[in-house]
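Inspection log for the structure reproduced underneath, given as structure tokens.
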Amino acid sequence: MADASSTRTAGIASGSFVRDFIAKLVSEGYRSLPPRDPHVGRGLRRVVEMLDEEVSRILEQGNAIGTVRPWIETGNRLRLSSTGGVENWEHALRAAQPATTSTGSPGRELLTFGIDEERARSELDHLDPAYREFLNSVAAEFIARADRAE
């Protein structure tokens, strides 16, 4: 089946979701993230919620559980801890390619992305349009929460 859900699954199945997410953030002007910032944590939580929502949508279309397994695995790898900690995201972001900038306080640490905007846009241009649309939605939701002032 070559519908949008299976095409999107192909994007996730390659294990590239976090790299793709970083590329989208860089294309939107992000150069780094303070992962332990509460606003960023809310944004990261929303990303996982959207992965879960995509699983439900794909299953509602009558697709087999095997179709959504990569989505479930990605969501589970990124899920925040029961106390709201972002350790899983920190690990995934570090593994994807950012460098760490220490500031003396672990709560103020920045993960700096090692990709420039031109390269990020090039990588995004090579994604399947349906998957790219999902990634755009995820990034927009993240940015809305991460940039929100209290």
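The values are calculated or read from the model by the stated rules, or taken from the named source; none is laboratory data. Keep in mind it's a predicted model, so treat the numbers as computed, not measured. All Cβ positions, glycine included, derive from the backbone under ideal geometry; neighbour counts span all protein chains shown. All accessible areas refer to the heavy atoms of the entire protein, side chains included, with ligands and DNA or RNA removed. Shrake-Rupley method; radii C 1.70, N 1.55, O 1.52, S 1.80 Å.
Can you spot a residue in region 60-74 that is closer than 25 Å to Tyr30 by Cα and touching a residue at least 40 places away in the same chain (Cβ under 8 Å)? Write out each step before concluding.
Narrowing region 60-74 to residues closer than 25 Å to Tyr30 by Cα: 71, 74.
Going one step further and asking which of them are touching a residue at least 40 places away in the same chain (Cβ under 8 Å), we end up with 71, 74.
Within region 60-74 (the criterion being closer than 25 Å to Tyr30 by Cα and touching a residue at least 40 places away in the same chain (Cβ under 8 Å)), the answer is yes, since at least one residue qualifies.
Would you say Leu80 is out of contact with any Phe, Trp or Tyr (no Cβ under 6 Å at 6 or more places or on another chain), without any contact (Cβ under 8 Å) to a residue 24 or more places away in the chain and either hydrophobic (A, V, I, L, M, F, W, C) or assigned to a helix (DSSP H, G or I) (or both)?
Numbers: out of contact with any Phe, Trp or Tyr (no Cβ under 6 Å at 6 or more places or on another chain): yes; without any contact (Cβ under 8 Å) to a residue 24 or more places away in the chain: no; either hydrophobic (A, V, I, L, M, F, W, C) or assigned to a helix (DSSP H, G or I) (or both): yes.
No.
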Kindly check whether there is at least one residue in region 9-24 that is of a type outside the set (A, V, I, L, M, F, W, C), modelled with pLDDT under 85 and open to solvent by 60 Å² or more (accessible area, probe 1.4 Å).
yes
If I filter region 45-94 down to residues being under 25 Å from Glu109 (Cβ atoms) and β-branched (Val, Ile, Thr), which single residue comes out as most open to solvent (accessible area, probe 1.4 Å)?
Thr83
Given the structure, is Glu60 out of contact with any strand residue (DSSP E or B) (no Cβ under 8 Å at 6 or more places or on another chain) and at pLDDT 95 or above?
no
Residue check, Trp89 against (1) modelled with pLDDT of 90 or more; (2) closer than 14 Å to Ala23 by Cα; (3) of a type in the set (A, V, I, L, M, F, W, C), all met but one. Which one?
(2)
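Counting only residues that are touching a strand residue (DSSP E or B) at 6+ places or on another chain (Cβ under 9 Å) and assigned to a loop (DSSP other than H, G, I, E, B), which one in region 30-40 is most open to solvent (accessible area, probe 1.4 Å)?
Residue satisfying both the conditions and the ranking: Arg31.
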Every residue in region 41-61 that is assigned to a helix (DSSP H, G or I) and polar (S, T, N, Q), please.
Ser56
Filtered residue count, region 24-47, keeping only those that are closer than 17 Å to His91 by Cα and touching a Leu at 6+ places or on another chain (Cβ under 8 Å)
9
